[in-house]
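Just below is one structure, and these are the notes that go with it.
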Amino acid sequence: MNIIKIKTSKNHTKNLISVFFIITAMQLGGCANLGVQPWERDLLAKDEMALNADAVDIGLDEHIYFSKEGTSGGRSFAGGGCGCN
Amino acid sequence: MQLSKSKRITTLLATATCTLLNAGVQAQETKSENDWQFDTAILYYGETDRVSLLEGVVSATKDFGDQRVLNTKLVIDTLTGASATGAVSQPYAQTFSRPSGDGQYTTSPNELPLDDTFKDTRVQLSANWTQPIYKDTRVNLGANISREYDYLSVGTSVSAERDFYNKNTTALFGLSYQFDSIDPVGGRPIGLSTMVVDEGQFGAGGAGEDAFEAAFDQTRITDTDDKSTIDALFGLTQVINRRMLVQLNYSYSTSSGYLNDPYKLLSLVNNNGETQSILHENRPDSRAKHSVYAQTKYAFDNAVADVSYRFATDDWDITSHTIDSKLRYNLSESDYIQPHFRYYQQSEADFYRPYLNDIDALPAFASADYRLGEMTAITVGLKYGHKMNNGHEWGVRAEYYQQDPKNAGFENIGVLANQDLYPSVKAFILQFSYSF
Amino acid sequence: MSDWKIQTADDHIKGSFFCMASPCELLIDTTDPLVASHITKHAAAEAFRIEQKFSRYRNDNIVSAINQAQGKSVAIDDETFQLLTFANSCFEISDGMFDITSGVLRRAWTFDGSDNVPNEETINQLLAFIGWDRVNFDQQQITMPPGFEIDLGGIGKEYAVDCVAKLCTTLAPALSILVNFGGDIQVTQKKKEGKYWLVGIEMPAQDTSKTKNNNTTYNTVMVKIARGGLATSGDANRYLLHNGVRYSHVLNPQLGKPIMDGPRSVTIASDHCVQAGLMATLALLQGKQAEQFLIEQEVTYWCYW
């Protein structure tokens, strides 16, 4: 008896990638018109709006997910390996 | 001065004042330059009946002015408990040899085989330096080293980022190189070799032990092996409006070398699903990954929402989607709560097999590690943070993480139909942090 | 130079240091000396930072670089840009009467109570170097015609007060702190239980008559302030006396001459110290019509003639 394996279609993956790039293009289109003047940065300047806010928490979580799941990184560099995956 | 403009002067002046006082990060210096800022945390991660992790982090950052920043981080963690080996459970008791070759362990009937020799302490040190190189451009250099008793990892990274359009757009490009050296307990098992279990066939006494050792060593390669990983990252950050910014990253990663987990196994079963022997896993010696990551942060008046999506795919055929969202809600000027929800889904590697059938020819690569199989995982959590009057801040975070491995289309033959081949893994996380 | 100290009073702690030629104090609504020290140390550091960066008495800061540029472009940072933008807004709101390039007039006018009134020609020569509308600046740089100088003295201290108050709010979000740099005041938030702070401010004695007294008598007046900012613009004995006429130290940048017949001192209460300070200066620039101007603006004020 053979092991029967049903392979998921690769098509839906390709579709997802295309949707993604469309969203990207929409985001980047008109980049020069987006944004704020320097004196409108009051909210953006708050610590919690920084992209690396809660860096310690994120680092701890990334370590857990790196060792328990098949995908890692994407947000920034992994920075440091361990024997857990 | 025109008295006709009279009433408007107060208003105009008020607006000009608000602009002056609200503008820019420099008016928000909460620490004088040349002071170290410390962020520390201790985290406990515990799976029910399986692995527990205790991890401590101390991160120190100093701003030298002129956008030159140094960050150093020390992480120490200890891992204890039992991990699934990949072997399937059986309606009978099973005996396995420990990875070191010294001793065995037995699994009860209908129980998932777990290897509990998985205890380790790891220390990691990393440092990062940022500095401007010319107008609107900064370069970042990083280095890290990590050590466990069977694993050494060293790496370095360099990246450059540049601001455009009044700092509304930032583009980043980075490269990193990581070199890992693995020296597993008992030596590296030869891929797909059969585990040698002493069931009395070697005879008794010292001679018996030596015979076992010889057979065991036949399945081992006893020197260290390495793995090299190169990552490239392209990132774009864009301010959308006064309340919102987005980040989009594309990264490519390629690893080569010894990518196996030396402690993971596969059961070789007959047509009735009964285990005939135990094999060590074997993975390809290279892996190329692509990932696209998009994140948005939105500032409400008293809250900040952070939602991100990551899509990743690689040449092992693992494809994953991750949605991560949190909402930081300020209860007052000095405290906040932050609920967190994460959803993760991955498809199985093309060489993933929950078990191997002895009728089929052995594949070149096979692994039963559920972390390479199809699964979904959910995390829900809540964090509370409080800022004290002396400027220090503390926080506590509790999360629940559940992984649900799924059957990717394999038939549960024979006795395996009555076994739970894809048990969920449930974990609690508790973290205390303190910043000063 | 970075000296500060704290003194405990019965229900609060006072942090103090000397900066911008004034005694600076912080009244902190706590009895915990560690908290007060932490706040005072960072507040003093911020005050010294602003003083060092924007003082016109130094030759190693951005202001001196701008003032010695002789027509060349000088690169500026965000904070400098914000202050210049504010000065620009004030120039427009005041129809050109508030002009930070008017500092060069101090070469002609020395307000030491003496008799030295400069002649027309000296003044006219200096007028050629005044005129904010001839200054060009943007987020990256400032370019002025050769010979121009900027003087941020008119807004520097009030700006420092507001910055320090903002810093205090970040360091101690739950505490009421009163920042007082020589009479320029800002309170971060109301004290618990809605009580107010009592601060001593030097104000001219009420019964000073207009022409007879050459020296103004100053009394310390206790002011109750619960929130917001307070600033005073006034003589403090900086004036000239010539032919029996008193020339105040506030100069009209378009004529190069002092405002005549203005009040000796104006104190304004407003949401922010910087706003109060500007309002007080604008009032003084009105000369005789100062009080009428303040009434029309519907601000809380005290005016001394």
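A short reminder: the numbers here are calculations on the coordinates, not readings from a lab. As the structure is a computational prediction, the values presented were derived from the model and not from experiment. Neighbour counts are summed over all protein chains in view; Cβ atoms, including those assigned to glycine, are modelled from backbone coordinates with ideal geometry.
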Item to check | Rg/Rg_globular for the protein assembly as shown, with Rg_globular taken as 2.2 N^0.38 Å and Rg from C-alpha atoms | outcome: 1.25
Checklist outcome for this item: Against the 2.2 N^0.38 Å rule of thumb, the C-alpha Rg of the stretch B:277-379 sits at a ratio of 1.56
Next on the checklist: At 222 nm, what value in deg cm²/dmol follows for chain C if DSSP H runs of at least 4 each add -39500 (n - 2.57) and the sum is divided by all its residues, to the nearest 500?
Outcome noted: -9500 deg cm²/dmol
Checklist outcome for this item: With Cα springs under 10 Å, the Gaussian network model of chain C assigns the largest mean-square fluctuation among C:188, C:169, C:101 to C:169
Next on the checklist: Using the Karplus curve 6.51 cos²θ - 1.76 cosθ + 1.60 with θ = phi - 60°, what ³J(HN,Hα) values do you get for each residue of the stretch C:180-187, in whole Hz, with x for Gly and Pro?
Outcome noted: 9, 9, x, x, 9, 10, 8, 9
Checklist entry - Which whole-number percent gives the relative contact order of chain B, counting Cα pairs below 8 Å spaced six or more residues apart? => result 12
Checklist entry - Cα axis of helix B:205-218 to longest principal axis of chain B: angle in degrees, 0 to 90, nearest 10? => result 60
Checklist outcome for this item: Phi-derived 3J(HN,Hα) across the stretch B:382-387 with the Karplus relation (6.51, -1.76, 1.60, θ = phi - 60°), rounded Hz, x for Gly and Pro, is 9, 10, 10, x, 9, 9
Checklist outcome for this item: Ordering B:274-284, C:285-295 by per-residue average of other C-beta atoms within 10 angstrom, highest first, gives B:274-284, C:285-295
Checklist entry - Which of B:41, B:361, B:84 moves most in a GNM of chain B, Cα contacts under 10 Å? => result B:361
Item to check | J(HN,Hα) series, the stretch C:142-151, from Karplus relation 6.51 cos²θ - 1.76 cosθ + 1.60, nearest Hz, glycine and proline x | outcome: 9, 10, 10, x, x, x, 6, 9, 10, 10
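Just from its helices, what would the mean residue ellipticity at 222 nm be for chain B, if runs of 4 or more DSSP H residues each count -39500 (n - 2.57) and the sum is divided by every residue, rounded to the nearest 500 deg cm²/dmol? Can you show the working numbers first?
Numbers: 2 runs with 31 residues, N = 436.
Computed ellipticity for chain B at 222 nm equals -2500 deg cm²/dmol.
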Item to check | the stretch B:58-131: chymotrypsin sites (Phe, Trp or Tyr not before Pro) falling in loop per DSSP and having at most 14 other Cβ within 10 Å | outcome: B:64, B:92
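How do B:161, B:333, C:121 rank when sorted from fewest to most other Cβ atoms within 10 Å of their own Cβ?
If I rank by nearby Cβ atoms, fewest first, I get C:121, B:333, B:161.
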Checklist entry - If you take the charge dipole of the protein assembly as shown about its Cα centre, with +1 on Lys and Arg Cβ and -1 on Asp and Glu Cβ, which of C:159, B:422, B:303 is farthest toward its positive end? => result C:159
Checklist entry - Hey, what angle do you get for helix B:6-22 against the long axis of chain B, alpha-carbon based, 0 to 90 degrees rounded to 10? => result 30
Checklist entry - Under a point-charge model restricted to the Cβ atoms of Lys and Arg (+1) and Asp and Glu (-1), what is the dipole moment magnitude of the protein assembly as shown relative to its Cα centre, in debye to the nearest 20? => result 3080
Checklist outcome for this item: Going from the fewest other Cβ atoms within 10 Å to the most, one would list B:388, C:20, C:260 as C:260, B:388, C:20
Checklist entry - Which cross-chain or sequence-distant (5 or more) residues have an amide H under 5 Å from the amide H of residue B:274, H modelled 1.01 Å from N in plane? => result B:415
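List the trypsin sites (Lys or Arg not before Pro) within the stretch B:79-151 that fall in a DSSP loop (any state other than H, G, I, E or B) and whose Cβ has at most 13 other Cβ atoms within 10 Å.
On the way: sites: B:119, B:122, B:135, B:138, B:147; in loops: B:119, B:135.
Taking the stretch B:79-151 and a limit of 13 other Cβ atoms within 10 Å, the loop trypsin sites (Lys or Arg not before Pro) found are B:119, B:135.
Can you give the Rg to Rh ratio of chain B, both from alpha-carbon atoms, with Rh computed by the Kirkwood formula?
With Rg and the Kirkwood Rh in hand, the quotient comes to 1.06.
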Item to check | For residue B:318, distant residues with modelled amide H under 5 Å away | outcome: B:350
Next on the checklist: Taking each residue in B:135-143, count the Cβ atoms of any other chain within 10 Å of its Cβ, then average. What number comes out?
Outcome noted: 1
Item to check | Radius of gyration and maximum dimension Dmax of the stretch C:62-143, Cα, Å | outcome: 14.5, 44
Item to check | Equivalent ellipsoid semi-axes, chain C, via Cα gyration tensor eigenvalues times 5, rooted, Å | outcome: 32, 25, 17
Next on the checklist: In Å and on Cα atoms, what radius of gyration and Dmax does the stretch C:1-47 show?
Outcome noted: 10.0, 29
Checklist outcome for this item: note: the stretch B:36-169, Cα-Cα separations exceeding 25 Å make up a percent value of 51
Checklist entry - With chain C treated as a Gaussian network of Cα nodes joined by springs under 10 Å, which of C:68, C:186, C:140 yields the largest mean-square fluctuation? => result C:140
